[in-house]
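Here the structure is laid out as structure tokens; the discussion comes afterwards.
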Amino acid sequence: MLELKNVSKFYYNNGIIASGFSKINLKLNMGEFIVITGESGSGKSTLLNVISGLDSYEEGEMYINGEETSHYTEKDFEEYRRKYIANIFQNFNLINSYTVYQNVELVLLLNGYKKRDIKQKVLEMIDKVGLTKFKNTKVSKLSGGQKQRVAIARAMVKDTPIIVADEPTGNLDVESAKEAIEILKKVSKDKLVIIVTHNIEQMEQYATRIIKMHDGRIIENTEVKKVENDIKPEESIYHKITLFNKYRLGIRNTFNIFTKFALLFVVFLFIAVSVLAEYASFASLENELSKQVYSNYFQDLSPNRILIKKQDKTPFSGEDYEKIKNISNIEKIVQNDYFLDKYIMLYNDDDINKILSGIFVSGYVYDIGELDGDVDVGRIPENDEEVVILASKKHYTISNKMQELLEQTFKISTTNSYYEVAKAKVVGVKYNKDDTDYTMKIYLSPNLLEKLNKSINRNFSTIKYFFNGKYTKINTFSVVPNSNVEKGKAIVNDDLKYQLTKGKITNQTINIYVDNIYYQEKLDLGISGTYTKKNYTKITGLEDFNGEMILINPEDYDYLYNKQPYQSSVYVKETKNIDETMQELENIGIAPKKITDFKVEDNMAEKQVMKIIKLIVTLTLLFVLFFISYFIIKIILKSRNVYYTTLRILGATFKSVKRILDIELFTNSSIAYLTVLLIIGLVKADVLHWNYVAKLVSFLTIREYVLMYIILVLMSRLISRRFARKIFKKSAISTYNEEV
Ligand code: ADP
Ligand code: MG
């Protein structure tokens, strides 16, 4: 069956040649129970390793079933081992984190047995070695004798013709040793068993032949019992490990050692979190950059916003808006579009010092019709003078002064000059979804919007007074509606006479020219009277003295300022079709301009630079993270060297070891990534109130999440590949000896 002719084994270490054994001649037959003995260092282990195909030999010939093996490659020996050899080791070489059942099962999984064949075989074998009671116990909890019985079961389950055992009783007490040998003898009938031992008395009664070694040579070879004849051995069946079995092992290994699982999990979590955070920070920075540059002009830079004017420069009519509404890609029209970019103020005192110490809020103007859903505090407005505020929950006024805000009446101003345009009562507050966004929105009734519209038109206008034959621009005086004034008349501060004329100004005519970017308008008014500090309240009906007013009748005021909008904004539903929509607008006499076209070209370059920096930083980060995690994972997996080498000894190939490791790292990284996604999901759903995180993740899209996952999977594959290479660089037995 097995024949060695003049076989020698040398070790080369740093140029020094050492002999493992030399010129060994042996002929071993099926059915024999060979006991090899000899002092330490005499070459027994080396001989067993060569016979097992775990180590090479340098001289002589070894025949197996009559076939010469000197031309065998590493792969041929792998096949040889899988067909013929099962090993039992002094230190058991079991997987401590597996149960008894899993340890025995492992051999069959690695050799391509089907699940349904495995179970019965494994249970029978466990029964034969008397460990049925412990089949689901982790091996680490067993005694030495029990462990060696598991090792025997594992060696026997695949039914190879040759069993090789190197000092199997070396770590056992007398009683367990005796038991183990008896079991081995019982289950190995008709096989070829080769055992190395220090303790010849233990084995003597079972041996059919005793071999004594000394200094690398056989000095005695005695046949104790005659063995019938050499039956031709049946090769053990083996197949490639099935994909399913690889998954079983990979997933089992993911979870079987909790500390390892947790450490790997943390590493993958760290990679995912740091890369996503870095990427999102950059995106956020890019966003800030674009905001900073344009916020002077336009506050709302939504890419789906289009500014529109009439091509003939006339104001929009209701009919125009109807036509625009009929364009299918139009989502909404904001008629007074400067509200989108201007803010108004609500304040409750005229004294500038008290304004700042009292309640003061400013926000962008929205139509109450656009308020979707209910308010969070207070109620929905019931009349035209009531408003709702949308603000961050964390805004100082909202979190500290709600009492002084709700159901209180405020003055509204459209400029910093605190000129009161209207009064309004705040009746409701709605919280902003993003509570780190401190900008406020104020939702007003159409009536209030009209008042603001007039006020803004007035503020945008330059007013020239044609008086006494010449035009004078008076910036400090403002035109104010007042119902005490007759239509076609004006009441002015008496002091105006010093600025405009030396004489009496009553009954003179004042011509008002309004000129702004949208329109021009003109009105001639006769001055019907003047006011002074003394008669101020009597004439104007107002309380606090203001010396810089030209009071006119409200109808005249409307004539000057209550204009239909000259500029509006529309929002499209699908930004990608914005160009078609622009064309359709032009076709109905409108001059459209995309809000994004107002962006300055310069900034494009800045953004480009930012993109490149982002790419470089991300790649560098990935590169650094890869190496850091490779070394951490290497340290974590180092403790697994024994495991993977055991797999090799039991018949696993490079490919299957790599794949099993792949699956383990893949499963772990996927779980880590799923955890990250789950946390992000909870933040997005506002279950976790991590505002900073919420803001950051708002910059990430599906594309980035998918990309991150691909990177993580690729990283884990690269790591498992490098690691598997390392394991297979040296022969199984030397890796094993180094580790144990
Ligand atoms: P035994 O198992 O009988 O105690 P070994 O087979 O382990 O003896 O060793 C036989 C000889 O081979 C010893 O001289 C030992 O020093 C040498 N040897 C074993 N393994 C190596 C190795 N990896 N490198 C160099 N010499 C070795
Ligand atoms: Mg030895």
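What the Cβ-Cβ distance of Val227 and Leu622 gives, at R0 = 45 Å and to the nearest 0.05, is a FRET efficiency of 0.10. Residues Lys573, Lys497, arranged from fewest to most other Cβ atoms within 10 angstrom of their Cβ, appear as Lys573, Lys497.
Charges on Cβ only, +1 for Lys and Arg, -1 for Asp and Glu, centred on the Cα centroid of the chain; of Ala177, Ala207, Leu452, which one is farthest towards the dipole's positive end? It is Ala207. Remark: the range 47-60, residue by residue, has Karplus-estimated 3J(HN,Hα) of 4, 4, 5, 5, 4, 6, x, 8, 9, 8, 10, 9, 9, x Hz, where x stands for each Gly or Pro and the curve is 6.51 cos²θ - 1.76 cosθ + 1.60 at θ = phi - 60°. In this structure the amide hydrogen of Gln311, modeled in the peptide plane, comes within under 5 Å of the amide hydrogens of Ile590, Ala591, none closer than 5 places in sequence on its chain.
Straight-line cross-link reach from Lys309 at under 12 Å between alpha-carbon atoms covers these aspartates and glutamates, not counting any fewer than eight positions away in the same chain: Asp320, Asp337, Glu586.
Starting from the Kirkwood radius over alpha-carbon pairs of the chain, derive D by Stokes-Einstein at 25 °C in a medium of 0.890 mPa s and give it in µm² s⁻¹. It comes out at roughly 71 µm²/s.
Holding the Cα-Cα limit at 29 Å, pick out from Lys425/Lys684; Lys489/Lys538; Lys83/Lys121; Lys489/Lys533 the pairs that are longer than that. Those over the limit are Lys425/Lys684. Taking the inverse of the mean 1/r over every pair of distinct Cα atoms in the range 461-561 gives a Kirkwood hydrodynamic radius of 13.6 Å.
Cross-link check: pairs Lys310/Lys451; Lys44/Lys138; Lys430/Lys576; Lys497/Lys522; Lys114/Lys260; Lys411/Lys522 evaluated at a Cα-Cα cut-off of 27 Å; pairs beyond the cut-off: Lys44/Lys138; Lys430/Lys576; Lys114/Lys260; Lys411/Lys522. Highest average first, the peptides 448-455, 704-711 ordered by how many other beta carbon atoms sit within 10 Å of their residues are 448-455, 704-711. Reachable aspartates and glutamates from Lys393, Cα under 12 Å, same-chain residues fewer than 8 places away excluded? Within the straight-line limit of under 12 Å, Lys393 reaches these aspartates and glutamates: Asp376, Asp434, Asp435, Asp437. Within the straight-line cut-off of under 19 Å between alpha carbons, the aspartates and glutamates reachable from Lys75 are Asp55, Glu58, Glu61, Glu67, Glu235, sequence neighbours fewer than 8 places apart in one chain being disregarded. A simple spin-label model places the labels of Ile237 and Phe360 9.0 nm from each other, with each point 7 Å out along Cα-to-Cβ. When the square roots of the Cα gyration tensor eigenvalues are ordered a ≥ b ≥ c, the ratio a/c for the range 373-441 is 1.5 or more and a/b does not exceed b/c, which makes its shape oblate. For the range 2-236, the alpha carbon convex hull comes to 132 Å³ per residue, rounded to a whole number. The phi torsions of the range 386-391, fed into the Karplus equation with coefficients 6.51, -1.76 and 1.60 and a -60° offset, translate into couplings of 10, 10, 10, 10, 9, 8 Hz, rounded to whole numbers, with Gly and Pro shown as x.
When the charge dipole of the range 2-236 is built from unit charges on Cβ atoms (+1 for Lys and Arg, -1 for Asp and Glu) and taken about the Cα centre, the candidate among Thr137, Val104, Ile24 whose Cα reaches farthest toward its positive end is Thr137. With both residues required to sit in the range 2-236, DSSP beta bridges show an antiparallel share near 55%.
Fully extending the segment from Leu615 to Trp690 would add 24.3 nm, taking 0.36 nm per residue of separation and subtracting the current Cα-Cα distance.
Here the range 122-167 has an Rg and Dmax of 10.7, 31 Å, counting Cα atoms alone. Between the amide H of Gly112 and those of His239, Ile241, Thr242, distances stay under 5 Å, these residues lying 5 or more places away or on another chain, with hydrogens modeled in the peptide plane. Full extension of the segment from Asp190 to Thr73, taken as 0.36 nm per residue of separation minus the current Cα-Cα distance, would add 39.2 nm. Report note on the peptides 338-344, 615-621, 427-433, 55-61: ranked by the mean count of other C-beta atoms within 10 Å, highest first, their order is 338-344, 427-433, 55-61, 615-621. The stretch between Ser281 and Ala18 holds 88.5 nm of extra length on full extension. This uses 0.36 nm per residue minus the Cα-Cα distance. Peptides 95-107, 172-184 ranked from most to least packed, by the mean per-residue count of other Cβ atoms within 10 Å: 95-107, 172-184. In order along the range 313-318, the phi-based Karplus estimate (6.51 cos²θ - 1.76 cosθ + 1.60, θ = phi - 60°) of 3J(HN,Hα) comes to 6, 8, x, 5, 10, x Hz; Gly and Pro are listed as x.
For Arg209, nonlocal amide neighbours, meaning residues 5 or more places apart or on other chains whose placed amide H falls under 5 Å from its own, are Phe33, Val35, Val224, Lys225. For Ile219 and Leu674, what is the calculated FRET efficiency with R₀ set at 56 Å and r taken between the beta-carbons, to the nearest 0.05? Efficiency, from the Cβ-Cβ distance: 0.30. Report, for the chain, the % of DSSP beta bridges that are antiparallel, rounded to 5. Taking every DSSP beta bridge with both residues in the chain, the antiparallel ones total about 65 percent. Here Ile588 and Asp372 are evaluated by their C-beta separation; at R0 = 30 Å the FRET efficiency comes out at 0.55.
FYI, it's all coordinate maths here, none of it is from the lab. Remember, predicted model here, so these are calculated numbers, not experimental data. Cβ: placed from backbone, ideal geometry, glycine included. Neighbour counts: every protein chain shown.
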